[in-house]
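Structure first, then comments.
Just so it is clear, none of the values below were taken in a lab; they were calculated from the coordinates. Everything quoted here is computed from the prediction, not taken from an experiment. Here the Cβ positions follow ideal geometry from the backbone for every residue, glycine too, while neighbour counts run over all protein chains shown.
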Amino acid sequence: MQDRRDNRVGRFTCSIVAGTWEWDDEVFRIHGLEPGSITPTTEYLLNGKHPEDRERVAEVLLRASATGEPFSISYRLIGADGVERRVVLVCKGGVREGDVVNSIDGYYIDLTADFRAASEEFASEAVAASAEHRATIEQAKGSLMLAYGLDADQAFAMLNWWSSHRNLKVRELAARLVETWGSGSASSSELRQRFDTLLHDIATSDPALQAARPVPAPLPD
């Protein structure tokens, strides 16, 4: 099995006004740099994104700078060492002074090793215990896809990351996550309202869905 000791997690703080970032040593390494070798800026950070992901990341950072709202986003990063890495950037929220967001902070998770590990052989080994475990893992993946905006492979890589760092089997971690979601303790009125709005928009704006919607049967005389 793939050795995942090279997984990395590091913290950051971004000064909105100055456009500069404070990284801990692991975030420097995630970016293929020696710790303290540069003063990171937002421009540098965006230039290091994969060209196909750059605009999406810029939009998320711009929104967070204006609102201070938490976010999470998965993308590809091209390090100064030329290595492409798969990372998740998680912002815990902004620090305000009055109506102005002064800074945002959070952490990076480098999932590159988990993507290598999540080959077909590794994935089949991780979920081969039984069909029941596979179904639970798929539900857990779905919740992570929803929460972090990940695809299925990225969600599985994140499960692997937490599994290796908490010394839990993937299926055990997945079961706990599904149980928590099922209990409703991870939900909130704000989250439900956002999904109500999302479902409403999807149902009313897609012509294909409108065309597929069954015509109600006439009421009896």
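Rounded, prolate or oblate: which fits the range 8-113, taking a ≥ b ≥ c as square roots of the Cα gyration tensor eigenvalues, rounded meaning a/c under 1.5, else prolate when a/b beats b/c?
Cα axes put the range 8-113 in the prolate bin.
Using the basic label-point model (7 angstrom from Cα toward the beta carbon), what is the Glu172 to Glu97 distance in nanometres?
It is 4.7 nm.
May I ask you to list the residues of the range 47-70 whose amide nitrogen lies under 20 Å from a point 7 Å from Cα along the Cα→beta-carbon direction of His165?
Residues 70 fall inside that zone.
How many nm is it between the label spots at Ser183 and Ala18, if each spot is 7 Å from the Cα in line with the beta carbon?
4.2 nm
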